[in-house]
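Report on one structure; see the data block that follows.
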Amino acid sequence: MTGPMTMRDLAERMSCEPSNATFVVDKLEKLGLIERRPHPTDRRAKQLVLTPEGVAFRERLIGLLVQDSPLAGLTHQEQSTLHDLLKRAVVPSRLRRPGHTG
């Protein structure tokens, strides 16, 4: 997920409680990397959106992370296949739907 997300979405990605994600969000907001915006359909929720500076920072960070990665030599399709296989390996089988590979 790279688009707008709620605090709950972010907390789920971080594997923590939404209240714990607030610390991270506050720091990113102070750095000018994200903004809190009204959710388009849920007036109780706010969406977290990367600012242009946040997008540029994310791109630089990803570039640095993959620069010396042993996975950099794999094609996009090979990386996608590896991602799917690793996801299957770590998600307990009881949580996977029959016939679902992800």
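Worth pointing out:
- Every residue from segment 52-80 that is of a type in the set (Asp, Glu) and under 29 Å from LEU31 (Cβ atoms): GLU53, GLU59, ASP68
- Complete set of residues in segment 63-102 that are among the hydrophobic types (A, V, I, L, M, F, W, C), over 20 Å from the mean Cα position of the chain (by Cα) and at pLDDT 85 or above: LEU74
The values are calculated or read from the model by the stated rules, or taken from the named source; none is laboratory data. If you're wondering where the values come from, they're calculated on a predicted model, not measured in any experiment. FYI the Cβ positions are ideal-geometry reconstructions off the backbone, even for glycines, and counts take in every protein chain you see.
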